[in-house]
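The values are calculated or read from the model by the stated rules, or taken from the named source; none is laboratory data. Keep in mind that what you see is a predicted model, and the values were worked out from it rather than measured. Every residue, glycine as well, gets a Cβ built from its backbone with ideal geometry; the counts of neighbours run over all protein chains shown. Areas reflect the complete protein model, heavy atoms only, side chains present, ligands, DNA and RNA absent. Shrake-Rupley method; radii C 1.70, N 1.55, O 1.52, S 1.80 Å.
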Amino acid sequence: MIPDQLTSGQYQTVYNLFSLVIAAQLFTALYLVAAQPRVLARYRQALLVSATVCGIAAYHYFRIFNSFRDSFVTDATGGNGVYTQAPGESFNEGYRYVDWFLTVPLLLVELVVVLALAKKLQTSLLLRLVPASALMILLGYPGEISDSDATRNIFGLLSTIPFLYILFVLFVELTRSLDRQPETVRNTVSKMRILLFATWGVYPIAYLLPLLGFDGATAWVGKQAGYSIADILAKCLYGLLIYRIARLKSFADDPAFALEEGGHEGVDAPRSRVNA
Ligand SMILES: *C/C=C(C)/C=C/C=C(C)/C=C/C1=C(C)CCCC1(C)C
């Protein structure tokens with residue numbers, strides 16, 4: 001539920017966080033596009049998907065930011081007053097869910113693509129992960145925009161079912177099929193899914209804040225902050241780790257490329273050693 005009123009501090013917090021997310025998503029997207037030549041061709045698809053995810057998020061945060069600015073007004077001069085909901089305007093949480101609906105399946109595609117698993121395994125993983133993640137977001141939305149705690153509970157619970165299914169596929173099914181994969185692939189998988197679990201776990205917690213007895217405005221600001229910070233970690237940091245994995249795998253696959261790029265067997269060599 002959108003609060004009727006925000007203190008100046010609460011308004012500034014949300015304003016600055018949205019602004020930070022735009023900067024983080026936009027420049028991570030640009031960086032990942034520019035970094036394409038720094039990995040082998042077979043890993044570029046993962047980087048492109050990652051850049052696309054950050055680009056889509058940057059666009060939606062522009063909309064979220066504008067919607068936020070339009071929906072709260074203050075009449076005090078000097079910016080120290082209370083902000084109230086602008087008449088006829090309402091903050092649109094829908095942008096966030098459209099953003100997630102597009103980016104969450106793509107984040108799973110990124111993960112599966114960068115692992116460079118066998119085609120059959122790739123397809124079978126994606127056929128389960130992509131629909132489950134889309135369903136998780138679709139089911140969360142009616143609860144997110146509802147003013148009723150009961151509705152929020154029910155849809156939150158329904159959305160948790162595909163969420164748990166995704167974790168099951170990543171932590172149980174994927175592990176089983178990785179038994180015959182090389183050590184490096186297995187290590188990569190475990191690192192990536194721990195990051196995924198840690199960052200994705202923030203969303204249901206932020207969603208629950210309004211139900212945990214925080215007052216309206218505090219819960220709402222906490223929720224926006226939680227979603228914003230989680231979006232930076234789950235998309236930008238995650239994307240940069242995908243890049244790092246792609247780069248290390250490129251070095252391991254092609255020693256000549258590694259030398260040219262100043263790295264060696266999965267470790268970046270100090271510049272001086274390469275140049276000497
Ligand atoms: C970049 C955006 C990402 C990674 C968004 C992830 C979102 C979730 C994992 C959301 C999960 C939810 C639940 C598990 C239950 C409550 C409703 C949601 C949609 C917040």
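All conditions in (1) out of contact with any Pro (no Cβ under 6 Å at 6 or more places or on another chain); (2) at pLDDT 90 or above hold for ALA269, with the sole exception of (2).
Taking every residue in region 16-45 that is small (Gly, Ala, Ser) and pairing it with any residue that is open to solvent by 50 Å² or more (accessible area, probe 1.4 Å), at least 6 positions away or on another chain, the pairs with Cβ-Cβ distances below 8 Å are ALA29/THR52.
Quick check, is ASP147 within 30 Å of PRO3 (Cβ to Cβ), more than 9 Å from the ligand (Cβ to nearest atom), at pLDDT below 90 and of a type in the set (D, E, K, R)? Yes: the conditions hold for ASP147. Within region 207-257, if we keep just the residues that are surrounded by fewer than 15 Cβ atoms within 10 Å (Cβ to Cβ) and within 14 Å of the ligand (Cβ to nearest atom), the residue that is nearest to the chain's Cα centre (by Cα) turns out to be LEU237.
With respect to ASN153, determine if the residue is polar (S, T, N, Q) and either surrounded by 17 or more Cβ atoms within 10 Å (Cβ to Cβ) or on the phi > 0 side of the Ramachandran plot (or both). Answer is no for this residue. Just name the residue that is farthest from ILE232 (Cα to Cα) out of those in region 9-35 that are small (Gly, Ala, Ser) and open to solvent by less than 20 Å² (accessible area, probe 1.4 Å). Among them, the one singled out is ALA35. Of all residues in region 197-213, those that are more than 17 Å from CYS236 (Cβ to Cβ) have Cβ atoms under 6 Å from Cβ atoms of residues that are among the small types (Gly, Ala, Ser) and more than 8 Å from the ligand (Cβ to nearest atom), 6 or more apart or on another chain, in ALA206/GLY226; LEU209/ALA219; LEU209/GLY222; PRO210/ALA219. In region 81-98, the residues that are closer than 18 Å to GLN10 by Cα reach residues that are open to solvent by 70 Å² or more (accessible area, probe 1.4 Å) with C-beta atoms within less than 6 angstrom, at least six apart or across chains, in these pairs: VAL82/GLN5; THR84/GLN5; GLN85/ASP4; GLU93/ILE145. When region 164-206 is limited to residues that are among the hydroxyl-bearing types (Ser, Thr, Tyr) and either open to solvent by 30 Å² or more (accessible area, probe 1.4 Å) or outside any helix (DSSP H, G or I) (or both), the one that is farthest from ALA252 (Cα to Cα) turns out to be TYR203.
Here is a yes/no grid of residues against (1) open to solvent by less than 60 Å² (accessible area, probe 1.4 Å); (2) β-branched (Val, Ile, Thr); (3) not in a strand (DSSP E or B):
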residue: LEU47; (1), (2), (3): yes, no, yes
residue: VAL53; (1), (2), (3): yes, yes, yes
residue: ALA58; (1), (2), (3): yes, no, yes
residue: TYR61; (1), (2), (3): yes, no, yes
residue: ASN66; (1), (2), (3): no, no, yes
residue: GLY81; (1), (2), (3): yes, no, yes
residue: PRO87; (1), (2), (3): no, no, yes
residue: PHE101; (1), (2), (3): no, no, yes
residue: LEU106; (1), (2), (3): yes, no, yes
